[in-house]
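J.: This is the structure, below, for whatever I ask next.
The values are calculated or read from the model by the stated rules, or taken from the named source; none is laboratory data. Keep in mind the model is a prediction, meaning the values are calculated, not measured. Cβ coordinates were reconstructed from backbone atoms using ideal geometry, including for glycine residues, and neighbour counts include every protein chain displayed.
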Amino acid sequence: MNVFPELTSIGYIQKTFGFNGQVSLNLEVEILEAKNFPKFLWFMRFGKPVPYLVSEFKLNKDKSVILSFEDISEESEALHLKGLSCLVEEALYGEYFQAEESYDYLMNFSVFDKEMGFVGKLVDVLENDNGHDTLQLEFNGREVLIPFVDKFILQINEEKQEIRVDLPEGLLDLYLS
């Protein structure tokens, strides 16, 4: 029986800050409101999640947070948190942090081209740093890559689990020949 709540990572303790037991939390998520932060944060200690009561927090412009905890008042006490993942209860996540965008709901959607009809099942969405993500399909045992851009995507029907596309002439031929 698990007595701990379900937890999810929001970042990690980068370093101690000052001499009064404060730490710098490097966030990997977006905060919803600058005035709102969880009262408890969790850290894995000795293989188990341990809650810490947040007494103060200050958001920095560099996506970090300076934290003070109720029971930590010296730098030497804060050192044991350095490098640890910071966790928050999943049930409270949406109250404080913006949910990460995910393409998971699109997996296994059928993809239909305007001219060719069925062109495959979506197996992944490859996220690129340049902002132009790519649909990865499987069609007749072959991988097909389609740029996930407005120019080619006509419609996404979640109810029917279909994606309608208008592919440029010759794109499919590259993969099927």
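J.: Within segment 1-29, track down each residue that is out of contact with any helix residue (DSSP H, G or I) (no Cβ under 9 Å at 6 or more places or on another chain), touching a residue at least 12 places away in the same chain (Cβ under 8 Å) and over 14 Å from C86 (Cα atoms).
T.: Of everything in segment 1-29, just one residue is out of contact with any helix residue (DSSP H, G or I) (no Cβ under 9 Å at 6 or more places or on another chain), touching a residue at least 12 places away in the same chain (Cβ under 8 Å) and over 14 Å from C86 (Cα atoms), namely F4.
J.: Do any strands (runs of 3 or more DSSP E) entirely within segment 1-69 hold 1 or more residues that are in the same structural domain as Y93 (by TED's automatic domain parsing) and among the hydroxyl-bearing types (S, T, Y), and if so, which?
T.: 7-17, 22-27, 48-59, 64-69
J.: Return the residues of segment 116-135 that are under 13 Å from V165 (Cα atoms) and in contact with a helix residue (DSSP H, G or I) (Cβ under 7 Å, 6 or more places away or on another chain); say none if nothing qualifies.
T.: Correct list: M116, V119, L122.
J.: Yes or no: segment 96-106 includes at least one residue that is part of a strand (DSSP E or B), acidic (D, E) and under 30 Å from V125 (Cβ atoms).
T.: The answer is no, given that none of the residues of segment 96-106 is part of a strand (DSSP E or B), acidic (D, E) and under 30 Å from V125 (Cβ atoms).
J.: Given the options K63, K58, name the one that is surrounded by 12 or more Cβ atoms within 10 Å (Cβ to Cβ) and on the phi > 0 side of the Ramachandran plot.
T.: From the options K63, K58, the qualifying one is K63.
J.: Something else: For segment 107-148: of the residues being in contact with an Asp or Glu (Cβ under 7 Å, 6 or more places away or on another chain) and either among the β-branched types (V, I, T) or outside the structural domain of L167 (by TED's automatic domain parsing) (or both), which is surrounded by the fewest Cβ atoms within 10 Å (Cβ to Cβ)?
T.: V123
J.: Now for a different question. Run down S102, S73, S85 and say which single residue is touching a strand residue (DSSP E or B) at 6+ places or on another chain (Cβ under 8 Å) and of a type in the set (G, A, S).
T.: S85
J.: Let me ask another. Return the pair list, or none, for Cβ contacts closer than 9 Å from residues in segment 86-97 that are among the acidic types (D, E) to residues that are assigned to a strand (DSSP E or B), at least 6 apart or on different chains.
T.: Qualifying pairs under 9 Å: E89/L7; E89/T8; E89/F40; E89/W42; E90/L7; E90/T8.
J.: Within segment 28-69, can you find the residues that are more than 17 Å from L7 (Cβ to Cβ) and of a type in the set (D, E, K, R)?
T.: E30, E33, K35, E56, K58, K61, D62, K63
J.: Only one of K63, K58, K114 is closer than 25 Å to K35 by Cα, touching a residue at least 24 places away in the same chain (Cβ under 8 Å) and of a type in the set (D, E, K, R). Can you tell me which?
T.: Step by step, each of K63, K58, K114 is checked, and only K63 is closer than 25 Å to K35 by Cα, touching a residue at least 24 places away in the same chain (Cβ under 8 Å) and of a type in the set (D, E, K, R).
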